[in-house]
Amino acid sequence: REREIAVRLAIGASRGRLVRQLLSESLLLAAIGTVLGALLAPALSKILLALMTTESNEIFFDLTPDWRVFAFLGSVAVSTCVLFGLAPALRATRTEPGAVLKSGGRGSNTSREGFGLRRLLVVSQVALSLVLLVGALLFLRSFRNLLTVNTGFRQDRILEAALDPRRLDLPKEQRFPLRQEIIRRVRAIPGVDAAADASVIPLDGSSWTMGVEAAGAKSGEGGSSRFDWVGPEFFKTMQIPVLAGRAFDEHDTTNSPSVAIVNETFARELLNGVNPIGRTFRTVAEPGYPETVYQIVGVVKDTKYQELRESQQAICFAPSSQYPLGGGPFAQILIRSNVPLPALTEQVKSAIAGVSPNILIYFRVFKTMIRDHLVDDRVMAMLSGFFAALATLLAIIGLYGVMSYMVARRRSEIGIRMALGANAGNVSKMILREAGLLLAVGLVVGTGLAVAASTAASTLLFGLKPHDPATLAAAVAALALAALAASYLPARRAARLDPMTALREE
């Protein structure tokens, strides 16, 4: 609009009048954008809330429109409009009408601009888009790694039943027999492959750690291990392979010697890698927990214990019948079955009601429970992906706008080149070369920023290095292809320009 503004200035329009006109146009665009954003915000907020809500943790948040929020967002929109609308308006009204009209408003030497404000903004957009795109790919791949990590057991077809028998007001010595009767009835349900109780459900976020010392070791020379008191069919229910020795059975009772099954890490780190079967160790006495000597009767494969992100931990399993504090008021039972979940839950309820209808029951699908604990990673991956896509779209639009502007400014130059023998391919290469230079600078700057940002966020990643070359290469390739595709349209338009039409306009 350089020629239009020059004509207005030449016939007497004041600079302030033109600035107000251009600024009002920018304000109109900002107002439309603010209204559309206000309409979209409630729906997007509900979607975000739904992503963060899980079966075991429902999140409630008041999404009623707040005038303070909209006042803040409105002020941001107006400030953005003034900043990015006023600067071009002031620049446009500084032109000399005579010089513009003399040149016809066309064919200005764009080399004078160098990497001016427009190009600097495009380079910044490309760089920041690459940062967000790399972050999104890292979070997405990290989330995938968490979903596919080897936990050491089968997650599917397991239902957890949490029992609360406090209404029965049973003495401590009757709690364990009640639990065993319930497990016996659950195992008798058709389609149930195995069922066992556990003091700590794997990967539910809880843990129990005690100090241990191998037999013959001096006091203080031991280490620590995670503990879990489980029923005889626990390893069958979880399908954890027993690598050596035996699993627990009905002979492991309160009156029999205390026995334990340890995992590979326990044997390697706390027993120096020697054959653990038959060896003994003792737990370090703690307030409320007596010192106990255990004999190792089996070794199982390493499994995850508290969370998916943890490294392999030393884990000791002991029979629930030998729980050092006796039967607790609550019970957690894991059930493996090929029966559909709705039918299984009803059958489990009936089986437990046959023991006592006053026992409260809470059900959780084991695999769903594990995925629910990944809600932060899932939301991070989805949000970063959304904002990366949005930033990439803005960078593409910016690059397209700058290239289109450059083609419009150089119409006469392009017409002269084509009149002198340049073909469509030469013109397209010239435009794409300009776009490629902006893109290359943005990608170089963005690569450095992306490496720095991903290093700062390394604690949020799992199974990936922050400077993962495959992720960086994929982000660069995706952004480069999208940006060059956007630049191809102005280049194609320039290549189809009729030289006679362009020169006649002069």
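The values are calculated or read from the model by the stated rules, or taken from the named source; none is laboratory data. Only a predicted model underlies this, so the values are computations on that prediction, with no experimental measurement involved. Every residue, glycine among them, receives a Cβ derived from its backbone with ideal geometry; neighbour counts consider all protein chains shown. Ligands, DNA and RNA are excluded from the accessible area calculation, which covers all protein heavy atoms including side chains. Shrake-Rupley method; radii C 1.70, N 1.55, O 1.52, S 1.80 Å.
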Quiz item: On average, how much accessible surface per residue is there in the range 327-454, in Å², for a 1.4 Å probe, leaving out ligands, DNA and RNA?
Solution: 46
Practice problem: Assign one of three labels to the range 194-330, namely rounded, prolate or oblate, based on the Cα gyration tensor with a ≥ b ≥ c the square roots of its eigenvalues; rounded applies when a/c is under 1.5, prolate when it is not and a/b is larger than b/c, and oblate otherwise. | Solution: rounded
Practice problem: Under 1.5 on a/c is rounded, so check that first for the range 124-281, then, if it is not, pick prolate when a/b is larger than b/c and oblate when it is not; a ≥ b ≥ c are the square roots of the alpha carbon gyration tensor eigenvalues. | Solution: oblate
Quiz prompt | Average accessible area per residue (Å²) across the range 1-46 - probe 1.4 Å, nucleic acids and ligands excluded | solution = 69
Practice problem: Express in nm, to one decimal, how much length is gained between Glu413 and Glu250 on full extension, taking 0.36 nm for each residue of separation and deducting their alpha carbon distance. | Solution: 49.4 nm
Quiz item: When the accessible area of the chain is split by element with a 1.4 Å probe, what percent falls to carbon and sulfur?
Solution: 61
Exercise. For Leu460 and Arg187, calculate 0.36 nm times their separation in residues minus their Cα-Cα distance, and state this gained length in nm to one decimal.
Key: 94.2 nm
Quiz item: Which whole-angstrom value gives the distance between the alpha carbon centres of the range 234-281 and the range 353-375?
Solution: 27
Quiz item: Taking Cα atoms, how many degrees apart are the long axis of helix 341-355 and the longest axis of the chain, rounded to 10 and kept between 0 and 90?
Solution: 30
Exercise. For n ≥ 4 DSSP H runs only, could you compute -39500 (n - 2.57) per run for the chain, divide by its residues and tell me the 222 nm figure to the nearest 500?
Key: -18000 deg cm²/dmol
Quiz item: Can you work out the FRET efficiency for the pair Tyr289 and Ala477, with r the C-beta to C-beta distance and R0 = 41 Å, to the nearest 0.05?
Solution: 0.10
Self-check item: Shape parameters for the chain, alpha-carbon atoms, Rg then Dmax in Å
Solution: 34.8, 107
Quiz item: Once the dipole of the chain is set up with Lys and Arg at +1 and Asp and Glu at -1 on Cβ about the Cα centre, which of Ala13, Gly442, Leu137 lies farthest towards its positive end?
Solution: Ala13
Quiz item: For the range 115-207, what class follows from the C-alpha gyration tensor (a ≥ b ≥ c being the square roots of its eigenvalues): rounded when a/c is under 1.5, otherwise prolate if a/b is larger than b/c, else oblate?
Solution: prolate
Quiz item: So what does Val274 come to for accessible area, using a 1.4 Å probe and Å² rounded to 10?
Solution: 70
Quiz item: With the contact rule set at Cα under 8 Å and sequence spacing of 6 or more, what percent relative contact order holds for the range 1-85?
Solution: 44
Quiz item: Restricting the count to DSSP beta bridges whose residues both fall in the chain, what percent are antiparallel, rounded to a multiple of 5?
Solution: 75
Quiz item: Quick one: Karplus J couplings for the range 401-412, per residue in order, coefficients 6.51, -1.76, 1.60, θ = phi - 60°, nearest Hz, x for Gly and Pro?
Solution: x, 5, 5, 5, 4, 5, 4, 5, 5, 10, 4, 5
Quiz item: How big is the gap, in Å, between the Cα center of the range 170-231 and the Cα center of the range 141-165?
Solution: 18
Quiz prompt | Listed residues Lys172, Lys465, Lys301 arranged by accessible area, highest first, probe 1.4 Å | solution = Lys465, Lys172, Lys301
Practice problem: Sum up the charges of everything whose Cβ sits under 12 Å from the Cβ of Ile352, counting Lys and Arg as +1 and Asp and Glu as -1, but leave Ile352 out. | Solution: +1
Self-check item: Extended-chain gain in nm, criterion 0.36 nm per residue less alpha-carbon gap, Phe84 and Lys301
Solution: 72.0 nm
Quiz item: So in the range 243-357, what percent of DSSP beta bridges are antiparallel if you round to the nearest 5?
Solution: 60
